[in-house]
Every structure is written in structure tokens, then in C-alpha cells.
1. Taking a virtual spin label 7 Å from the Cα of L77 along the C-beta vector, which residues in region 127-150 bring their backbone nitrogen under 17 Å of it?
2. Normalized C-alpha radius of gyration of region 2-149, against 2.2 N^0.38 Å?
3. In nm, what is the difference between 0.36 nm times the number of residues separating F127 and L145 and their Cα-Cα distance?
4. Considering the zone a paramagnetic label at V101 would reach in this model (a point 7 Å from Cα along the Cα-to-Cβ line), which residues of region 49-71 have amide N under 11 Å from it?
5. Which Cα, out of G120, H6, Y68, lies furthest along the positive dipole direction of the chain (beta carbon charges, K/R +1, D/E -1)?
6. Mean separation of Cα pairs under 8 Å and 6+ residues apart, divided by the residue count of the chain: what relative contact order is that in percent?
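No value in this document is a laboratory result; all are computed from the given coordinates. In this text the structure is predicted, and so the values were computed from the model without any measurement. Cβ coordinates were reconstructed from backbone atoms using ideal geometry, including for glycine residues, and neighbour counts include every protein chain displayed.
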Amino acid sequence: MASWIHRGVLAGLLLTAYLYAWTPLRTAWTIGATAVLERVASASQEVSARPTAHTIRIASANEVSMRYRSPAGVEFLLPALFLVMIVPVRPRLGLFVGGHVGLATLTVILMATGLFGLPGGFGLAAFIQQYGVDAYSLAVPVLVLKAQNT
């Protein structure tokens, strides 16, 4: 019984930290990434952001567009809650957060290369955002659970 209370408290702390600390950091990340991408964009490219929605939209004159969502949203929260509830002894949240931030950084760098005109920048950024984040979010909890049971 005490174990489940411990897990519930950890999940509550994670949810509170997500809402009151991580969400403002995501807003700041969106503003910062927008500033970097606006510096790189040419006159024919438009970079717009909705910081409270944590999204950036890039549109080009040659009809190339991309929508970016800042790191560690729901794709982070649900697996992180799984880690805390199922594997509370060593949940590896630092690894999990670091991976999401690393993938987000790589995505912004690839978006900047797409704005520079390098082929594949937007495509790789979209691939990482669409599939890489989800694969990472699903794989880490499974690997941590597997390591816990061996």
C-alpha cells in the first residue's frame, strides 16, 4: 500500500512540475527557437509562432511549409507518468527529458538548414518530429522496464 502511495505522490509531483515549470520552459523554448529561425530565414520565407500553443510555422515562397511543436508535450508526459508509476525505483527521467530536448534541438537545427536551402532539412526535421519523438517516447519506458525486470 505504501508503495502505491509513494508512486502516486511521485506522479503528482511530476504532473505539478510539468504544468508549473515545464510548460513555461516550453513557451520560452518556442520563443527562442523562433528568434533563431527568423534570423536564418530569408525575405521569401515566413516564420511565425504561437508561443502559448508551443508551435512554430514556417512557410516559403516555393510552397514548402512546416509546423513545429516544442519538445516534451503529451508524447513526454504520458510515458514519463508510466515510468514513475511502474518503475519508481529508477525511473530515468533525466535520460527521458534529455532525449526529448536533444531531439527538439536536432529538429530546430534541421529546420534552420532547410531555411538555408539545403535539401532535406525540412524533410528530416519533419521525420524526427513525427516518428523519432514517438519512437523514443515509446522505446525508453519499455527498455527501462525490461532492464528493471532482468
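1. Residues passing the 17 Å test: 134, 137-138.
2. Details: Rg = 17.4 Å, N = 148, 2.2 N^0.38 = 14.7 Å.
Computed over Cα atoms of region 2-149, the ratio equals 1.18.
3. Values: separation 18, 0.36 × 18 = 6.48 nm, distance 2.66 nm.
The span from F127 to L145 would gain 3.8 nm if fully extended.
4. Under cut-off, by backbone N: nothing.
5. H6
6. Relative contact order comes out at 22 percent.
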